[in-house]
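Here the structure is laid out as structure tokens; the discussion comes afterwards.
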Amino acid sequence: MADIRFGPSTLGPVNESIENLKEYHKRGFRTCEIAFTYGVYIKDKEKAKEIGKVAKELGIKLSIHAPYYVNLNSKEKEKIESSKKRILDCCEIGHELGAEDIVFHAGFYSGMKPEEAYENIKREIIDLQKTIKEKGFQVNLCPEIMGKKNVFGSIDDISKLAKETGCHFCIDFAHTLARYNEHKFKELIKAFPQNKWHCHFSGIEYSEEKGERKHKQTEKEEWQNVLSHIKNLDKEISIVSEAPDPWSDAEVALSLYNN
Ligand SMILES: [Zn+2]
């Protein structure tokens, strides 16, 4: 039986974060992803340590979602460097927060063949890992499975990266549905034999052509479907709700799971 942690994709503003963690604990949440999607907004290291300490005491596993503006396969060298800086900024504050999993969207194919994009992104991930090690940050890089077909991050892309670089990964069940028109549970289980899974889920409105369109509240049946496929896996799973109202969505998921 899987050990599944549920929680929302937000910690809220810095001055509300401790209160929010206490509220999450009351609701039974055991994971929380800090959304640095529009910038690394926790800057004060002492505050980060304090937040991390409270989260740890409450048994809430923190993770980070890095800024959206990341492309490790840009044709422009400066864009790759600024992307790496954004990821490393997350790693640095993540280390203070005790947030080990650093989730990011690895990049685009940028008109290249998928194999070429793969090799470029792999090289940058290995370089990032070297810096992380030198700086002593206790974090894992987690490139995410992406919903749009023209974006780097297929199941194969991400599982191969995990296998060849030892990086961790983020499985987004809404993204697999958008990318493949099905969740691909069997393929995921085969592609990711690792004991720890970091996951995202939300309802999704999508167009066949372009893949993912936007997140929406998750239908109960969708949660039930996902949970039925992961609940018996012998794994530690964190599943972060990315629905527009992630508190109530995570609560629905948790109650379905408990019943
Ligand atoms: Zn994401």
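The values are calculated or read from the model by the stated rules, or taken from the named source; none is laboratory data. All figures in this text were calculated on a predicted structure; none of them were measured in a lab. As a convention, Cβ positions derive from the backbone with ideal geometry for all residues, glycine included, and neighbour counts pool all protein chains shown. Ligands, DNA and RNA are excluded from the accessible area calculation, which covers all protein heavy atoms including side chains. Shrake-Rupley method; radii C 1.70, N 1.55, O 1.52, S 1.80 Å.
For the structure I just gave you, tell me whether K85 is at negative phi, in a helix (DSSP H, G or I), more than 20 Å from the chain's Cα centre (by Cα) and without any contact (Cβ under 8 Å) to a residue 60 or more places away in the chain. Spelling it out, it is not the case that K85 is at negative phi, in a helix (DSSP H, G or I), more than 20 Å from the chain's Cα centre (by Cα) and without any contact (Cβ under 8 Å) to a residue 60 or more places away in the chain.
Of all residues in region 88-115, those being under 24 Å from G166 (Cβ atoms), without any contact (Cβ under 8 Å) to a residue 60 or more places away in the chain and either polar (S, T, N, Q) or assigned to a helix (DSSP H, G or I) (or both) number 11. Beta carbons closer than 7 Å, at least 6 apart along the sequence or on distinct chains, pair a first residue in region 162-188 that is open to solvent by less than 10 Å² (accessible area, probe 1.4 Å) with a second that is among the charged types (D, E, K, R) and within 14 Å of the ligand (Cβ to nearest atom) for C170/E144; D172/E144; H175/E212; A178/E212. For region 2-9, does any single residue satisfy the condition of being in contact with a Pro (Cβ under 6 Å, 6 or more places away or on another chain), modelled with pLDDT of 95 or more and either more than 22 Å from F169 (Cβ to Cβ) or open to solvent by less than 10 Å² (accessible area, probe 1.4 Å) (or both)? There is at least one residue in region 2-9 that is in contact with a Pro (Cβ under 6 Å, 6 or more places away or on another chain), modelled with pLDDT of 95 or more and either more than 22 Å from F169 (Cβ to Cβ) or open to solvent by less than 10 Å² (accessible area, probe 1.4 Å) (or both).
Confirm whether E144 is crowded, with 16+ Cβ neighbours inside 10 Å and at negative phi. I'd like the intermediate steps shown before the answer.
Working: crowded, with 16+ Cβ neighbours inside 10 Å: yes; at negative phi: yes.
Answer is yes for this residue.
Remark: I237 matches the filter, which requires a residue to be surrounded by 15 or more Cβ atoms within 10 Å (Cβ to Cβ), within 17 Å of C142 (Cβ to Cβ), more than 16 Å from the ligand (Cβ to nearest atom) and within 14 Å of the chain's Cα centre (by Cα).
The residues of region 126-152 that are more than 16 Å from the ligand (Cβ to nearest atom) and of a type in the set (V, I, T), listed by number, are I126, T131, I132, V139.
Of the residues making up region 61-73, one or more are within 15 Å of the ligand (Cβ to nearest atom), surrounded by fewer than 23 Cβ atoms within 10 Å (Cβ to Cβ) and modelled with pLDDT under 95. For region 49-60, taking the residues that are open to solvent by 60 Å² or more (accessible area, probe 1.4 Å) and closer than 14 Å to R30 by Cβ, the one that is farthest from the ligand (Cβ to nearest atom) is identified as E57. Looking only at residues in region 36-48 that are over 19 Å from the mean Cα position of the chain (by Cα) and open to solvent by 10 Å² or more (accessible area, probe 1.4 Å), which one is nearest to the ligand (Cβ to nearest atom)? Applying the filter and picking the extreme gives K43. For L141, the test of being among the aliphatic types (A, V, I, L, M), outside any helix (DSSP H, G or I) and touching a Gly at 6+ places or on another chain (Cβ under 9 Å) is failed.
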